[in-house]
Amino acid sequence: MERGSTPDRPGDDESGSPLQPPATPTGPQAPAGPQPAPAATPGEQAPPGPQAPPGPEVPPGYGGPVPPGGWQQPVAPQAQVPAGAPLSSWWRRVGAYILDGIFTSILIWLGSVLIVAGSEAAGVVLMLVGLTVAFFYYPITMARHGAANGQTLGKQILSIRVVRDDGEPVTFGFSLLREFVIKYLLFQVIGGALLGIPWLLDVLWPLWDSQNRALHDMMVKSHVLEA
């Protein structure tokens with residue numbers, strides 16, 4: 001080493017330039033993993049994490065959420081008293097029943113009188129007309145539109161009416177089912193073979209029912225209200 005020259009420093013190559021760290025070879029880089037959620041500072045709410053998917057919706061009329069991996073028995077809907085006028089009393093219902101029985105029997109009674117008096121042909125014709133009138137009396141009077149819907153003449157006199165629980169108006173077919181098929185054929189004709197007990201139960205049932213319904217009301221889902 002000559003005098004006056006600077007001694008070599010560690011890390012210097014022969015050219016006098018400082019040594020550089022070896023370069024990292026470039027190549028395909030692995031994708032970055034999920035970044036951790038930032039920590040919440042004091043007084044700040046932590047960001048929400050992954051949410052569980054919502055459970056199955058409960059169909060209307062079922063009792064509650066469906067248990068995991070199981071099935072729940074649907075709850076039968078309870079009969080509801082229609083909103084509006086109060087329920088008809090049992091005495092009004094019986095009074096309307098008697099009045100309607102008189103209206104539908106007048107021609108039949110007159111035909112019987114003519115037969116007894118010797119006018120058999122006229123009596124039979126009058127009785128047949130009376131039976132036809134009695135058959136169509138309830139459907140025609142109860143299927144009227146407006147304020148008289150659900151009313152027979154007897155119910156109209158005593159200010160009561162039949163209403164359907166589904167809110168639909170009383171139609172010809174509905175009144176035919178209620179008055180003729182169920183009340184007459186089922187409870188009076190078929191029930192008459194059982195000493196009239198089914199008919200008597202149907203008539204008396206409103207006395208202890210909480211909603212003043214007869215058995216035929218429960219079967220067709222109807223109520224009788226004050227008009």
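Bear in mind that the values in this text are calculations on the coordinates, not laboratory data. These figures come from a predicted structure and were not determined experimentally. Cβ coordinates were reconstructed from backbone atoms using ideal geometry, including for glycine residues, and neighbour counts include every protein chain displayed.
Structural remarks
- Candidates per chymotrypsin sites (Phe, Trp or Tyr not before Pro) in the range 141-227, loop by DSSP, up to 13 other Cβ within 10 Å: W208
- Magnitude of the charge dipole for the range 90-226, about its Cα centre and with charges confined to Cβ atoms of Lys, Arg (+1) and Asp, Glu (-1), is about 160 debye.
- The range 193-211-the range 90-121 distance, computed between alpha-carbon centres (Å): 23
- Chain lengthening between V129 and L201 when straightened (0.36 nm per residue, less Cα-Cα): 22.8 nm
- I140-Q211 pseudo-label distance in nm [points 7 Å out on the Cα-to-Cβ vector]: 3.2
- The simple Förster model, with R0 at 25 Å and r as the Cβ-Cβ distance, assigns L185 and S159 a FRET efficiency of 0.30.
- Translational diffusion coefficient of the range 90-226 (Stokes-Einstein, Kirkwood radius from Cα pairs, 4 °C, 1.567 mPa s): 82 µm²/s.
- Considering only F136, V170, L185, and ranking their Cα positions along the charge dipole of the range 90-226 that arises from unit charges at the beta-carbon of Lys, Arg, Asp and Glu, the one farthest toward the positive end is V170.
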